[in-house]
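Visitor: Sharing a structure with you now.
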Amino acid sequence: MSRIGRMPIAVPAGVTVDIAENNQVTVKGPKGTLSRVLPAEMDIKLEGDQVVVTRPNDLKKMKSLHGLTRTLINNMVVGVTDGYTKELEVNGVGYRAAKQGKKLVLNLGYSHPVEMEDPEGVESSVDGNKIIVSGINKEKVGQYAAEIREKRKPEPYKGKGIKYADEVIRRKVGKTGKK
């Protein structure tokens with residue numbers, strides 16, 4: 001059995017989980033509602049205040065889907081209760097981030113400011129040189145944070161660019177002059 005797949009998902013108070021046909025799972029909570037169609041082969045049951053995922057057989061594909069399905073449902077439950085946040089840091093002389101309504105404006109040393117529109121269900125805020133991306137959908141939060149980072153990846157010599165707050169940049173030694 002999949003160690004992750006066989007763990008039941010505790011549904012906290014104030015959260016409702018609905019399982020419709022074709023494994024359409026809808027999770028409603030204090031922060032919002034998430035819905036997703038999960039693999040039809042998996043058997044998803046609501047037992048009291050727990051969601052249990054079981055697989056029909058031990059084929060390699062079923063084993064893979066078992067853990068995945070359980071984790072996706074768990075991420076939805078965590079999303080509607082606590083939500084997700086990603087923190088990015090802007091490092092570099094003259095590199096700045098600012099918020100204009102629903103737009104994130106980045107000055108990253110290009111000839112023009114880079115403007116990014118917040119996607120549906122994801123919010124970004126700027127605090128000094130930090131950009132905080134938050135929302136209830138883990139995938140969307142991670143994707144938007146990755147897109148922001150992509151605008152100017154951190155470079156290894158001076159460490160300039162946009163990096164995740166918990167990311168460690170491998171530094172390199174610059175070139176040395178002739179003797």
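Visitor: For the stretch 12-43, name all the residues that are open to solvent by 20 Å² or more (accessible area, probe 1.4 Å) and β-branched (Val, Ile, Thr).
Guide: Thr16, Ile19, Thr26, Thr33, Val37
Visitor: Are any residues in the stretch 80-95 in a strand (DSSP E or B) and within 17 Å of Asp127 (Cβ to Cβ), and if so, which ones? First the steps, then the outcome.
Guide: Step one: of the stretch 80-95, the residues in a strand (DSSP E or B) are 84-91.
Passing the criteria: Thr85, Lys86, Glu87, Leu88, Glu89, Val90, Asn91.
Visitor: Name every residue in the stretch 131-152 that is small (Gly, Ala, Ser) and either touching a residue at least 24 places away in the same chain (Cβ under 8 Å) or part of a strand (DSSP E or B) (or both), in order of residue number. Steps first, please.
Guide: Keep residues of the stretch 131-152 that are small (Gly, Ala, Ser), which gives 134-135, 142, 145-146.
Residues satisfying the conditions are Ser134, Gly135, Gly142, Ala145.
Visitor: Kindly establish whether Val80 is surrounded by 15 or more Cβ atoms within 10 Å (Cβ to Cβ), within 22 Å of the chain's Cα centre (by Cα) and over 17 Å from Ala165 (Cβ atoms).
Guide: Numbers: surrounded by 15 or more Cβ atoms within 10 Å (Cβ to Cβ): yes; within 22 Å of the chain's Cα centre (by Cα): yes; over 17 Å from Ala165 (Cβ atoms): yes.
Considered against the rule, which asks whether it is surrounded by 15 or more Cβ atoms within 10 Å (Cβ to Cβ), within 22 Å of the chain's Cα centre (by Cα) and over 17 Å from Ala165 (Cβ atoms), Val80 comes out as yes.
Visitor: Restricting attention to the stretch 145-161, and to residues there that are more than 19 Å from the chain's Cα centre (by Cα) and among the small types (Gly, Ala, Ser), which single residue is surrounded by the most Cβ atoms within 10 Å (Cβ to Cβ)?
Guide: Here the residue is Gly161.
Visitor: Only one of these conditions is not met by Glu123: (1) open to solvent by 20 Å² or more (accessible area, probe 1.4 Å); (2) more than 16 Å from Leu34 (Cβ to Cβ). Which number is it?
Guide: (2)
Visitor: I'd like the full set of residues that are open to solvent by 70 Å² or more (accessible area, probe 1.4 Å) and either within 19 Å of Val80 (Cβ to Cβ) or in contact with an Asp or Glu (Cβ under 7 Å, 6 or more places away or on another chain) (or both), limited to the stretch 51-61. Walk me through it before giving the result.
Guide: Let us first name the residues in the stretch 51-61 that are open to solvent by 70 Å² or more (accessible area, probe 1.4 Å), namely 56, 58-61.
Correct list: Pro56 only.
Residue by residue, here is whether (1) closer than 21 Å to Asn91 by Cβ; (2) among the small types (Gly, Ala, Ser) holds:
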position	(1), (2)
Glu120	no, no
Asn129	yes, no
Ile132	yes, no
Ala146	yes, yes
Tyr157	yes, no
Val173	yes, no
Thr176	no, no
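Visitor: Being farther than 19 Å from Thr71 by Cβ and of a type in the set (Gly, Ala, Ser) is the filter; apply it to the stretch 127-144 and report the residue that is surrounded by the most Cβ atoms within 10 Å (Cβ to Cβ). So that I can check it myself, show each step before the final result.
Guide: Of all residues in the stretch 127-144, those farther than 19 Å from Thr71 by Cβ come to 127-134, 144.
Retained after the next criterion (residues that are of a type in the set (Gly, Ala, Ser)): 128, 134.
Values: Gly128: 9, Ser134: 16.
By that ranking, first place goes to Ser134.
Visitor: Now for a different question. I'd like to check which strands (runs of 3 or more DSSP E) are fully inside the stretch 1-79 and have at least 3 residues that are over 30 Å from Val133 (Cα atoms).
Guide: Working: elements: 16-19, 24-29, 32-37, 43-47, 50-54.
Correct list: 43-47, 50-54.
Visitor: Give the residue, chosen from Leu88, Leu108, Leu46, Leu104, that is within 27 Å of Val15 (Cα to Cα) and surrounded by 13 or more Cβ atoms within 10 Å (Cβ to Cβ).
Guide: Details: Leu88 fails: within 27 Å of Val15 (Cα to Cα); Leu108 fails: within 27 Å of Val15 (Cα to Cα); Leu104 fails: within 27 Å of Val15 (Cα to Cα).
Just a single option satisfies the conditions, and that option is Leu46.
Visitor: For residues that are in contact (Cβ under 8 Å) with a residue 24 or more places away in the chain and either polar (S, T, N, Q) or out of contact with any Leu (no Cβ under 8 Å at 6 or more places or on another chain) (or both), tally how many sit in the stretch 32-51. Spell out the reasoning first.
Guide: Residues of the stretch 32-51 in contact (Cβ under 8 Å) with a residue 24 or more places away in the chain: 32-34, 36, 38-39, 41-42, 44-47, 49-51.
Then keep just the ones that are either polar (S, T, N, Q) or out of contact with any Leu (no Cβ under 8 Å at 6 or more places or on another chain) (or both); that gives 32-34, 45-47, 49-51.
Qualifying residue count, the stretch 32-51: 9.
The values are calculated or read from the model by the stated rules, or taken from the named source; none is laboratory data. Since the model is a prediction, treat every value here as computed from it, not as a measurement. FYI the Cβ positions are ideal-geometry reconstructions off the backbone, even for glycines, and counts take in every protein chain you see. SASA here: full protein model, heavy atoms, side chains in, ligands and nucleic acids out. Shrake-Rupley method; radii C 1.70, N 1.55, O 1.52, S 1.80 Å.
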